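Heads up: the structure comes next, in structure tokens.
The values are calculated or read from the model by the stated rules, or taken from the named source; none is laboratory data. Remember, it's a predicted structure, so these values are computed and weren't measured experimentally. Because the Cβ atoms are built from the backbone with ideal geometry, glycine has one as well, and the counts that use them run over all protein chains shown. Please note that ligands, DNA and RNA were not included when accessible areas were found on the heavy atoms of the full protein model with its side chains. Shrake-Rupley method; radii C 1.70, N 1.55, O 1.52, S 1.80 Å.
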Amino acid sequence: MTRVLSPDTKTAIILFNLGGPDTLDAVQPFLYNLFNDPAIIGAPSLIRKALAKFISWRRAPIAKEIYNEIGGKSPILEQTEAQRLALANALEGEGNSRVFISMRYWHPMSDAVVQQVKEYAPDHIILLPLYPQFSTTTTQSSFEDWERAAAGGGLNTPT
């Protein structure tokens, strides 16, 4: 059996998650990003952008109240960071790897993470979605956004 992780090769592992607003001011832009995804609203771009703007504007006040009740932000980045650290610790000594986080609808998003991965210069990349099941609106959307960002950022590493 061939080992995926080896001391001879550098592996980047990308944990995908949905993301969430990191401040109350980020709630509406986060919702806009969510509803502007063609996997969520399959309308033509111009219509989708208008709908995303309207829906995010309409839902933001209620969502802000909810986020305010749980500390003024989404806990998903901290929870995903804890998973990233746990995986990195579990893989310590198993090879030459680095674990990154890429959120689909809020920071850190694929474009920024592609640049970090490119600087790391891995020999191969493993994409690891943290969604509870496969869905076109979660896993597939994240994979497609990663492919778009990697192509745009000149990251051609086998994935």
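Return the residue satisfying two criteria in turn: it lies in region 32-47 and is in a helix (DSSP H, G or I) and either among the acidic types (Asp, Glu) or more than 14 Å from residue 137 (Cα to Cα) (or both), and of such residues it is most open to solvent (accessible area, probe 1.4 Å).
Only one residue tops the list, namely 46.
Residue check, residue 20 against (1) in contact with a helix residue (DSSP H, G or I) (Cβ under 6 Å, 6 or more places away or on another chain); (2) without any contact (Cβ under 8 Å) to a residue 60 or more places away in the chain, all met but one. Which one?
Here residue 20 clears every test but (2).
Would you call residue 28 in a helix (DSSP H, G or I), touching a Ser or Thr at 6+ places or on another chain (Cβ under 7 Å) and either farther than 19 Å from residue 149 by Cα or open to solvent by 80 Å² or more (accessible area, probe 1.4 Å) (or both)?
Answer is yes for this residue.
Restricting region 54-77 to residues that are among the charged types (D, E, K, R) and in a helix (DSSP H, G or I), which is least open to solvent (accessible area, probe 1.4 Å)?
My answer is 64.
Does residue 50 meet the test of being small (Gly, Ala, Ser) and open to solvent by less than 40 Å² (accessible area, probe 1.4 Å)?
No; evaluated as a whole, the condition is false for this residue.
Being assigned to a strand (DSSP E or B) and at pLDDT 95 or above is the filter here; which residues of region 92-109 pass it?
The answer is 97, 98, 99, 100, 101, 102, 103, 109.
I'd like to verify a number: residues in region 1-25 that are open to solvent by 20 Å² or more (accessible area, probe 1.4 Å) and either among the basic types (Lys, Arg) or over 30 Å from residue 121 (Cβ atoms) (or both), how many?
Of the residues in that region, 5 qualify.
Given 145, 123, which one is touching a Lys or Arg at 6+ places or on another chain (Cβ under 6 Å), charged (D, E, K, R) and touching a residue at least 12 places away in the same chain (Cβ under 8 Å)?
123 is the lone residue from the list that is touching a Lys or Arg at 6+ places or on another chain (Cβ under 6 Å), charged (D, E, K, R) and touching a residue at least 12 places away in the same chain (Cβ under 8 Å).
Which condition number in (1) farther than 22 Å from residue 26 by Cα; (2) in a helix (DSSP H, G or I); (3) polar (S, T, N, Q); (4) in contact (Cβ under 8 Å) with a residue 24 or more places away in the chain is the one that residue 89 fails?
(4)
Say we look at region 78-96 and pick out the residues that are open to solvent by less than 40 Å² (accessible area, probe 1.4 Å) and of a type in the set (Gly, Ala, Ser); which of these is nearest to the chain's Cα centre (by Cα)?
The qualifying residue nearest to the chain's Cα centre (by Cα) is 88.
Has region 59-67 got any residue that is among the β-branched types (Val, Ile, Thr) and closer than 30 Å to residue 123 by Cα?
no
Quick one: count up the residues across region 110-159 that are out of contact with any Ser or Thr (no Cβ under 6 Å at 6 or more places or on another chain) and part of a helix (DSSP H, G or I).
Matching residues across region 110-159 total 23.
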